[in-house]
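One structure is given below, encoded as structure tokens.
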Amino acid sequence: MNERIKSKAAFEEAVQYIPGGVNSPVRALKAVGETPLFVERAEGNKIYDIDGNIFTDYCLSWGVFLLGHSHPSVNAAVTAAIARGTSYGIPSLQETELAKLVRKCFPTMERVRFVNSGTEATMSAIRLARGYTGRNYIVKFEGNYHGHADHLLVSAGSGVARLGGASSAGVPDAFVSQTLVVPYNDTEAVTEIFEKYGNEIAAIILEPVAANMGVVPTLDGFLQFLRDITKKYGSLLIFDEVITGFRLSSGGAQKLYGIEPDLTTVGKIVGGGFPAAAFGGRADIMKMLAPDGPVYQAGTLSGNPVAMSAGIATVTELSKDSFYDELNGRVDVFEKALLKAIEGKGITLKRVGPMFTLFFTNGKIENFQDVQKTDQERFARFFRYMLRNGVYVSPSQFEANFISIKHTDKDLERFVELVSAFNE
Ligand SMILES: *Cc1c(COP(=O)(O)O)cnc(C)c1O
């Protein structure tokens, strides 16, 4: 491993021009007491930094690269698209083609609107849910992340369901006063809040498997419970599948667990490495959207032909027969070995499909409070240890790790060996 001299210099220069030297905060590696490595290129499951180091990547641009970096068919599609111009502001066939593919994978997304980021997708889905129901309150779960739209930047307190306060400066309390925050996996708290506000609740939004507080699966029956209670009160159920969509199965968590939400957001994988995301759902709800209906939503670069082409190539690849069976088969073996490696180490593994988190605790992991009790100092040591050994794991205890089809059995065995030898 080379000293990261060039990366350090690059970071020192970057902070002169870019706040914190980064364009998204977690990239600064503050939580793990490091400075960022600067990437020269990425291919397959490897990232190459500007100091000549090579890392096996388990972050994969935050889950984007299910197919690995620089996948040949995605790159070919993108190159061909660029040759035909990079944005029109006029419809192109690629938009319908990707919408068709998305609906095939997610039959609940009867109509699909493309946007540029997961943040836009959830923000627009919420606006639509409010427009459709004529209600204002939304319910979100503690520790679930839905991008950085004002009214979703609420993490709120512990234990009981209550009105949340903003979790960012610059967000007036009035903006989040219509956001009700409850602990994840807590049916009682949800029941309580519906008994109190039920007829004014437009929607519940959630990550059907949480991945932004580390991987925290829903408990058995929780999703069905949410489906039932939203139906009962005439509220909509929104699955934020920006991470889980196309990752847990071709049809995301909703296919895996057999629950049909009213609206869904997807992002990350669907853009094939470009800024694209989407929201969609029942046709009668989506009809409320401009230009058909009164709920406004728009975007200069939305449905961008290059991003659509990357998405089409990506979804086509992952739609191939046995794609997920093969990948998950390998991850099953990895999970078994990893469970053995962490025995007696004070580490808890949570994994759903090709996505996992090692929590530095012996305690149960069911909600945000549990995650907050983990040993974050020890996680930071683990991150630095893995980095020294050429493995880039997601740089926070509150994030998921991702496995792509380019991770070989050997790569996964190496990961397990390193965990097994970890004693800091
Ligand atoms: C990443 C993510 C978002 C935000 O997407 P951006 O493209 O970063 O705006 C929203 N929801 C979930 C579940 C995510 O993982």
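Could you work out the pair-distance distribution P(r) of segment 380-424 from its alpha-carbon pairs, with 5 angstrom bin width and percents rounded to whole numbers?
The percentages, shortest bin first, are 5, 20, 29, 29, 14, 2, 0.
How much length is gained on full extension from ARG414 to LYS373, taking 0.36 nm per residue of separation minus their Cα-Cα distance? Before the final figure, lay out the partial values.
Working: separation 41, 0.36 × 41 = 14.76 nm, distance 2.84 nm.
Separation in residues times 0.36 nm, less the Cα-Cα distance, equals 11.9 nm.
Going by Cα centres, segment 333-405 and segment 104-125 are how many Å apart?
Value for the Cα centre distance between the two parts: 30 Å.
Positive end of the charge dipole of segment 20-145 (Lys, Arg +1 and Asp, Glu -1 on Cβ, about the Cα centre): tell me which of ILE126, SER24, THR86 has its Cα farthest that way.
ILE126
Please rank GLU343, GLU188, fewest neighbouring Cβ atoms within 10 Å first, as an exposure proxy.
Values: GLU343 8, GLU188 11.
Result, fewest neighbours first: GLU343, GLU188.
Which listed residue (ALA278, ALA298, ALA210) has the Cα farthest towards the positive end of the charge dipole for the chain, taking +1 on Lys and Arg C-beta and -1 on Asp and Glu C-beta about the Cα centre?
ALA298
Only bridges with both residues in the chain count here: give the DSSP antiparallel percent, nearest 5.
DSSP beta bridges in the chain are roughly 60 percent antiparallel.
First select every other residue whose beta carbon is under 9 angstrom from the beta carbon of PRO208; then total the charges, Lys and Arg +1, Asp and Glu -1.
On the way: positive: none; negative: GLU207, ASP240, GLU241.
Spelling it out: positives minus negatives among the neighbours equals -3.
In nm, give the distance between the simple-model label positions of GLU424 and GLU326, each being 7 Å from the Cα along the Cα-to-Cβ direction.
About 3.6 nm separates the two model spin labels.
At 1.306 mPa s and 10 °C, plugging the Kirkwood radius over alpha-carbon pairs of segment 169-275 into Stokes-Einstein gives what diffusion coefficient in µm²/s?
Values: Rh = 14.8 Å.
Using the Kirkwood radius from Cα pairs, D works out to 107 µm²/s.
Just how large is the dipole of segment 310-424 about the Cα centre, in debye to the nearest 20, putting +1 at every Lys and Arg Cβ and -1 at every Asp and Glu Cβ?
Working: 16 positive and 17 negative charges, 71 e Å.
In debye, rounded to 20, segment 310-424 gives about 340.
Can you find, among ALA380, HIS148, PRO107, the residue sitting farthest towards the positive end of the charge dipole of the chain, where Lys and Arg contribute +1 and Asp and Glu -1 at Cβ?
PRO107
For a protection proxy built on the mean count of beta-carbon atoms within 10 angstrom, sort 79-91, 171-183 highest first, please.
Working: 79-91: 11.4, 171-183: 18.6.
Packing order, densest peptide first, comes out as 171-183, 79-91.
Give, rounded to the nearest 20 debye, the magnitude of the charge dipole that the chain has about its Cα centre when Lys and Arg contribute +1 at Cβ and Asp and Glu contribute -1 at Cβ. Display every interim value, and only then the final one.
Working: 43 positive and 47 negative charges, 74 e Å.
Dipole of the chain, to the nearest 20 debye: 360 debye.
Per residue, how big is the convex hull of the chain when only Cα atoms are used? Give it in Å³. Don't jump to the answer; show the numbers that get you there.
Working: hull volume 60.0 nm³, N = 424.
It comes to 141 Å³ per residue, whole-number rounded.
Relative to the Cα centre, what is the charge dipole magnitude of segment 78-136, using +1 at the beta carbon of each Lys and Arg, -1 at the beta carbon of each Asp and Glu, and rounding to the nearest 20 debye? Walk me through the intermediate numbers first.
On the way: 9 positive and 4 negative charges, 45 e Å.
About 220 debye.
Please give the contour-minus-distance gain from SER177 to GLU13: 0.36 nm per residue of separation, less the Cα-Cα distance, rounded to one decimal in nm.
Numbers: separation 164, 0.36 × 164 = 59.04 nm, distance 4.03 nm.
The SER177-GLU13 span can extend by a further 55.0 nm.
Readers should treat all values here as calculations from the given coordinates under stated rules, not as data from a laboratory. These numbers come from a predicted model, not from an experiment. In this analysis, Cβ positions are derived from the backbone assuming ideal geometry, glycine residues included, and neighbour counts consider all displayed protein chains.
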